[in-house]
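**Student:** Okay, handing you the structure first.
The values are calculated or read from the model by the stated rules, or taken from the named source; none is laboratory data. The structure displayed is predicted, hence computed values, not measured ones. For neighbour counting, all protein chains shown are included, and Cβ atoms are generated from backbone atoms with ideal geometry for every residue, glycine included. The protein model used for the area step is the full one, side chains on, heavy atoms only, and it has no ligands, DNA or RNA in it. Shrake-Rupley method; radii C 1.70, N 1.55, O 1.52, S 1.80 Å.
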Amino acid sequence: MNADQTSQNPPLRQLTAQEFIDVLTEVDRERYAEYYERMIDYPIDATIIRGVEITDHVKLDSNIEVALPLFIQDSAFHRGISIEGGKFINELQFDNVAINFLVISGGIFNGIEILSGSFGSTRIRGGTFNGNLTIKDGTFNDSFRVETNSSFSSHFIVKGGTFNQSFSIEGGLFKEGFLIEGGKFNRGFRVWDGTFDGKFGITKGTFDDEFLISQGSFHKGMSVGNATFNKEFLIEGGTYKGEVNFGSGYIYRLTIWDIASAIKLRIEENCRINSLQFRSAIPKDSFIQLSGQFYSLTFNHVQNLGTIVPTKLSARKTPLYPNGKQPVIAKDDVFEQGRLLSYHDNTEKPQIRIDSSDLGKVIFMGCDLSGFGLHFDSSKITDVFVTGTKMPDKITTVDKHGNKDYQQRQVGYSQIKKIYEARGDRVEANRYYAKEMEAYLSTLSWWKWNDFWEKLNLNLNKYSTFHGQSWQRGLGTTLLISSLFYGVYCWILGYWPALPIDGNLDTFSHVASYFLEFVNPIHKADYVAEQLLGEKPKINGWARATEGISRVFIAYFVYQLIQAFRKHGKASG
């Protein structure tokens, strides 16, 4: 039913606004006897206004007192209803109505129930609500607003309905609680302020646009379960004396931003969240528990003064999009009225982002973060503690031009190494030390004099033992370098080729028998030549030069081999 007609047949009966008020206040029960009935569920008569239309504006002021339960059914109010005061001693119910706009700015109510209908702009600007205000169904084609001067002594409950424009709470006192148990919200749901003495709970419902909590006092916390948030659930303020719990349901992106006071936050494994973001400070004494799978986890300009405990956290392999399609959200780094709408949300692979943050006390317990790429930029993570946890294998930081930022990668690997060193895990610390050196190597240039020698040294470290991590590679490279130098040395002495070919195995065996002596860095000068050529041979200067240079290189590779072999018996770095 819309504001121009009802579904009832015969046509609606017309009433003036004054006649409607006369029916409510029972000024002439004989004249309006058809509107008063004894209801089965009520021990008294009830006022039932059914099948009427009112073409002028209905305004109820403080002089109005409605003694009977009031049921408005199958009716249309073309120019809306304004309730500025008065007293409704019993229940007020709307069912299958069309109201152009509804404004409540005052009055005392002992229960309001909206069963169905079509509503334009709906405003609750004030009033005292001693009974529940319940929305079971209905279509709200304009915004729904609860403003500062409203006081709800009982529950405010949304069980259903379709809200085609924004739903906002701008203030008010909710003594028993605010509950959403269903409904479809096609535009933003925003809590700008309000005092919630009772529980703020969402157990069902579909939210196709942003859900924002900007301010407010939540004395018994907040719980979210089995609801669907197809865009962003954003907490950017408020005070929370009870726990904030996300127990189940689906959230495309959950953002915790700029909380002013301590918060106890729990995200349980059954809550399916695609992207989780923390921004700005996390206050002292805050305690945040996380579990489950995420496609992206972001810390952006975070200073964590509380404690964060991720438990059994892992990477979701593919993005969790509503209906299988990525929602259209504001582009990266877009600001509107000073508020950042989104931050690098689109990633091709699962990713943890840590940007300009001090993670403080974070305890990863039984987590597998190896499926995430790590974007690390200008941050501190050395206070992180891990137990039974695999950290990301690869840091994927890029600069603003999209180029690989090896300097930040080096710092990131270095800090992960220190995390493992702090808990005494030298095996993992050594592994990240090698990654740190690889990143550092990539920051150096062959074309800068100071970098040249450092890069040369690191390359020798890399190709000899992979920065001390592989004694097998060290053994192989030592034998290879030694063989090359020994081959050149023998060739200069006249043994060419010193290989087991042409059936000349005796010569090969004879030459090879002195290989280990040649490899010994402290062997006697010209000893190998004397054994191969006889006593007091005439030795080519090139042979002596080759032998001298080989001592330096072979000694270096032998040293690298020994260091790699005992890598677990020393501290890395």
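**Student:** Given R₀ = 22 Å, what would the calculated FRET efficiency be for I108 paired with R31, taking r from the Cβ atoms and rounding to 0.05?
**Tutor:** On the way: r = 27 Å, r/R0 = 1.23.
Working from the Cβ atoms, E equals 0.20.
**Student:** Each label point is 7 Å from the Cα along the Cα-to-Cβ direction; what then is the distance between the points at T139 and D383, in nm?
**Tutor:** Roughly 5.4 nm, to one decimal.
**Student:** Measure off, as a whole percent, the carbon and sulfur share of the 1.4 Å-probe accessible area of the range 16-89, all protein chains present.
**Tutor:** 44 percent
**Student:** For K220, what accessible surface area do you get with a 1.4 Å probe? Give it in Å², rounded to 10.
**Tutor:** Roll a 1.4 Å probe over it and K220 shows about 120 Å².
**Student:** So for the pair D56, D425, with labels modelled 7 Å out along Cα→Cβ, what separation do we get in nm?
**Tutor:** Placing both labels 7 Å along Cα→Cβ, they lie 7.9 nm apart.
**Student:** Now, a different point. Enter the accessible area per residue of the chain (Å², integer; probe 1.4 Å; all protein chains in place).
**Tutor:** Per residue, the chain has an accessible area of 47 Å².
**Student:** Now for a separate question. Can you spot the lysines whose alpha carbon is less than 28 Å from K538's alpha carbon? Ignore those fewer than 8 places along the same chain.
**Tutor:** By straight Cα distance, K538 reaches K524.
**Student:** How much length, in nm to one decimal, is gained on full extension between W446 and T16, taken as 0.36 nm per residue of separation minus their Cα-Cα distance?
**Tutor:** 145.7 nm
**Student:** So which trypsin sites (Lys or Arg not before Pro) in the range 33-102 are both in a DSSP loop and have at most 16 other Cβ atoms within 10 Å of their Cβ? Write out the running numbers ahead of the final one.
**Tutor:** On the way: sites: R38, R50, K59, R79, K87; in loops: R79.
Filter output for the range 33-102: R79.
**Student:** I need the peptides 93-104, 359-370, 510-521, 425-436 ranked by packing, meaning the mean over residues of other C-beta atoms within 10 angstrom, with the highest value on top. Spell out each step's value before the answer.
**Tutor:** Working: 93-104: 21.7, 359-370: 17.8, 510-521: 16.1, 425-436: 19.6.
Per-residue mean Cβ counts within 10 Å order the peptides as 93-104, 425-436, 359-370, 510-521.
**Student:** Next up: In this model, which of K284/K400; K349/K404; K390/K435 are farther than 27 Å apart at the alpha-carbon?
**Tutor:** With Cα atoms farther than 27 Å apart: K284/K400.
**Student:** Something else: Got a sec? What order do W257, W192 fall in by accessible area at 1.4 Å, biggest, i.e. largest, first? It would help to have the intermediate numbers written out before the result.
**Tutor:** Details: W257 45, W192 105 Å².
The residues order as W192, W257, largest area first.
**Student:** Please report the relative contact order for the range 95-174, taking Cα pairs under 8 Å with a sequence separation of at least 6, and give it as a percent rounded to a whole number.
**Tutor:** Worked out over the range 95-174, it gives 27 percent.
**Student:** Oh, and also: Using alpha-carbon pairs under 8 Å, 6+ residues apart, how would you state the relative contact order of the chain in percent?
**Tutor:** After rounding, I find 5 percent.
**Student:** What shape does the range 30-69 take by its C-alpha gyration tensor, where a ≥ b ≥ c are the square roots of the eigenvalues and a/c under 1.5 counts as rounded, a/b above b/c as prolate, and the rest as oblate?
**Tutor:** Verdict is oblate for the range 30-69.
**Student:** Now for a different question. Relative to the present Cα-Cα distance, how much length would full extension add between K349 and S261 at 0.36 nm per residue of separation?
**Tutor:** So the extension gain works out to 28.3 nm.
**Student:** Listed highest first by mean packing, meaning other Cβ atoms within 10 Å per residue, what order do 303-311, 380-388 come in?
**Tutor:** 303-311, 380-388
**Student:** If you don't mind, another one. For the pair K87/N457, report the inter-label distance in nm, with labels modelled 7 Å from Cα in the Cβ direction.
**Tutor:** Once both label points are built, they end up 9.0 nm from each other.
**Student:** Tally the DSSP beta bridges in the chain and give the antiparallel ones as a percent, rounded to 5.
**Tutor:** 5 percent
**Student:** Also: Based on alpha-carbon positions alone, could you give the equivalent ellipsoid semi-axes of the range 149-194 from the gyration tensor, as √(5λ), descending, whole Å?
**Tutor:** 19, 14, 7
**Student:** Could I ask something else about it? At R0 = 30 Å, how high is the FRET efficiency between Y321 and V398 if r is their beta carbon distance? Nearest 0.05 is fine.
**Tutor:** That gives a FRET efficiency of 0.80.
**Student:** Next question, about the same structure. Using a 7 Å offset from Cα along Cα-Cβ at S217, what residues in the range 145-186 end up with backbone N under 13 Å from the label point?
**Tutor:** Label zone hits: 172-175.
**Student:** Given a 1.4 angstrom probe, I'd like the percentage of the accessible area of the range 140-184 that is carbon and sulfur, rounded to a whole number.
**Tutor:** 38 percent
**Student:** So if I take the centroid of the Cα atoms in the range 424-489 and the same for the range 146-200, what is the distance between those two points in Å?
**Tutor:** 63 Å
**Student:** So what's the back-of-envelope 222 nm ellipticity for the chain, counting only DSSP H runs of four-plus at -39500 (n - 2.57) apiece and dividing by all residues, rounded to 500?
**Tutor:** For the chain, the value works out to -7500 deg cm²/dmol.
**Student:** Take the solvent-accessible surface of the protein heavy atoms, probe 1.4 Å, and return the percent of it on the range 425-530 that carbon and sulfur atoms account for.
**Tutor:** Numbers: 3840 of 6140 Å².
Accessible surface attributable to carbon and sulfur in the range 425-530 totals 63 percent.
**Student:** Give me the net charge for the shell around N132: Cβ to Cβ below 10 angstrom, other residues only, Lys and Arg +1, Asp and Glu -1.
**Tutor:** Once all neighbours under 10 Å are counted, the net charge is -3.
**Student:** Candidates (i) 143, 44, 42; (ii) 80, 60, 46; (iii) 90, 68, 46; which is the computed Cα extents along the principal axes in Å?
**Tutor:** Matching the structure shown: (i).
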